[in-house]
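I have placed the structure first, in the form of structure tokens, so that the comments after it can refer back to it.
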Amino acid sequence: MNKEKLVNLLREDLKNEYGHMLFYLNASICIQGPFREELGEFLRKEASDEMNHVEEFGKLIVDLDGIPNFDKLDYPKTNLTDVRSIVQYAYDMETEVVARYVQRMEDAMELGDVDGRYV
């Protein structure tokens, strides 16, 4: 592991977080059914949280002397409107994020000059 490889991996994480932000925003607009207002509000909050993650990943990349970018951005393009499908998709998406986060901490610790907890 070297700093350049870690920065590239973090750029992928940044793109994922950006995609998650767009998913939650889209889901908050498209959700249908009972309690759609309440659930839409929850999903908008999640979109806001993801926006904060985008900012954090971008700053981390800059701190490692990299440049954040969104080249070839691929985000979840779904036509989900029902609560169950949206929640399942979000659960699967966030489960993947946890695995990537744990791996990125290990990557940073392997690099040696970056505290993995910081990542």
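Numbers at a glance
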{"read-out": "Failed item, numbered, when residue 86 is tested on (1) open to solvent by less than 90 Å² (accessible area, probe 1.4 Å); (2) within 17 Å of residue 12 (Cβ to Cβ)", "value": "(2)"}
{"read-out": "Residues (assigned to a helix (DSSP H, G or I) and open to solvent by 80 Å² or more (accessible area, probe 1.4 Å)) located in the stretch 26-61", "value": "29, 36, 37, 38, 41, 42, 44, 45, 51, 55, 56, 59"}
{"read-out": "Residue under evaluation residue 99, criteria (1) exposed (fewer than 15 other Cβ atoms within 10 Å of the Cβ); (2) more than 12 Å from residue 10 (Cα to Cα); (3) at pLDDT 90 or above; (4) over 15 Å from the mean Cα position of the chain (by Cα), criterion not met", "value": "(4)"}
{"read-out": "Tabulated pairs, the stretch 2-17, first over 14 Å from residue 108 (Cβ atoms), second among the small types (Gly, Ala, Ser) and in a helix (DSSP H, G or I), C-beta under 7 angstrom, 6+ apart or interchain", "value": "14/58"}
{"read-out": "The one condition in (1) open to solvent by 70 Å² or more (accessible area, probe 1.4 Å); (2) hydrophobic (A, V, I, L, M, F, W, C); (3) modelled with pLDDT under 90 that residue 80 fails to fulfil", "value": "(1)"}
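Okay, residues lined up against (1) among the aliphatic types (A, V, I, L, M); (2) without any contact (Cβ under 8 Å) to a residue 40 or more places away in the chain:
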position	(1), (2)
32	no, no
59	no, yes
64	yes, no
69	no, no
82	no, no
98	yes, yes
104	no, no
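The values are calculated or read from the model by the stated rules, or taken from the named source; none is laboratory data. Quick caveat: nothing in here was measured; it's all calculated off a predicted structure. Counting neighbours? That spans all protein chains shown, and the Cβs are built from the backbone with ideal geometry, glycine included. Each accessible area value is taken on the protein alone, full model and side chains, heavy atoms only, with ligands, DNA and RNA left out. Shrake-Rupley method; radii C 1.70, N 1.55, O 1.52, S 1.80 Å.
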